[in-house]
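To keep things clear, I will list the structure first and then write my remarks on it.
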Amino acid sequence: MSGAPPSKAQALPGREAPLSVEKRHALLGTDMSTVPADHEVVLFGMGCFWGAERKFWNIPGVHSTAVGYAGGHTPNPTYEEVCSGQTAHTEVVQVVFAPARASFEALRGVSFEALLGVFWESHDPTQGMRQGADRGTQYRSAIYCSTADQLARAQASAQRFQEALLRHGRNDITTEISDSRPFYFAETYHQQYLHKNPRGYCGLGGTGVTCPVGPA
């Protein structure tokens, strides 16, 4: 479905128990269900989560990535339920990372702005309820932040990228930027899908516009 997401009253009921999912990262070997001390977590929605996850798992400073569902109403949804358009969730990548700061060696941390740059440049955030040929509420662009600092920096980056997009004749950003939302792991076969299936489908495509990162 490509219309507006359903309201909470209209959404599917879901289930109380989480899906049974293997939590060991197939490439990094890390536990996708834990956030180590001094690490942070952010959720990025960029369209189909298979290709979106691949954009982040090799970045130095990223502890783990996982794909799942967020931003909607249905607890512990299945992939089929999300694709029905009746959960209000979008497909997201959970990125657990060591933020670059003085307490970390250079190769151990990654700045939040660097992650935002990958996010903005790896998809088209102006397309509303779709991403390329993938249409539906589950493909909408989103950033769900876990701290107030992340939220402020994400909003600032959106403003800077919007200015860059307008200079190139592009449309307004439709990305939903919000504070933390519950994250529900997708089924095991979706996790690190393009590592397990190197020739698998990836429909991501950016705008070709460079994102200004760092302080304005």
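With viscosity 0.890 mPa s and temperature 25 °C, the Kirkwood radius over alpha carbon pairs of the stretch 7-99 converts through Stokes-Einstein to a diffusion coefficient of 175 µm²/s.
Taking a Cβ cut-off of under 15 Å around Ser64, the surrounding Lys, Arg, Asp and Glu residues balance to a net charge of 0, with basic ones at +1 and acidic ones at -1. Once the convex hull of all Cα atoms in the stretch 63-125 is built, its volume per residue stands at 111 Å³. Give, as ranges by residue number, the residues of the stretch 34-60 whose backbone N falls under 20 Å from the point 7 Å along Cα→Cβ of Tyr201. Counting only backbone N, you get 45-55. Quantify, in whole percent, the carbon and sulfur part of the accessible surface of the stretch 134-216 (1.4 Å probe; protein heavy atoms only). Result for the stretch 134-216: 50 percent of the exposed heavy-atom area is carbon or sulfur. Using C-alpha pairs below 8 Å separated by at least 6 residues, the relative contact order for the stretch 85-216 is 31 percent. Taking every C-alpha pair closer than 8 Å and separated by at least 6 residues, the mean separation divided by the residue count of the stretch 144-216 gives a relative contact order of 43 percent. A cut-off of 5 Å between modelled amide H atoms, ignoring neighbours fewer than 5 places along the same chain, links Thr174 with Thr126, Gln127, Gly128. Placing one equal scatterer on every Cα of the chain and applying the Debye formula, the log10 ratio I(q)/I(0) at q = 0.09, 0.11 Å⁻¹ is -0.33, -0.49.
The values are calculated or read from the model by the stated rules, or taken from the named source; none is laboratory data. What you are looking at is a predicted structure, and each value in this text was computed from that prediction instead of being measured. With ideal geometry, Cβ positions are generated from the backbone for all residues, glycine too; neighbour counts draw on all protein chains shown. Note: accessible area is taken over every heavy atom of the protein model, side chains too, but ligands, DNA and RNA are not part of it. Shrake-Rupley method; radii C 1.70, N 1.55, O 1.52, S 1.80 Å.
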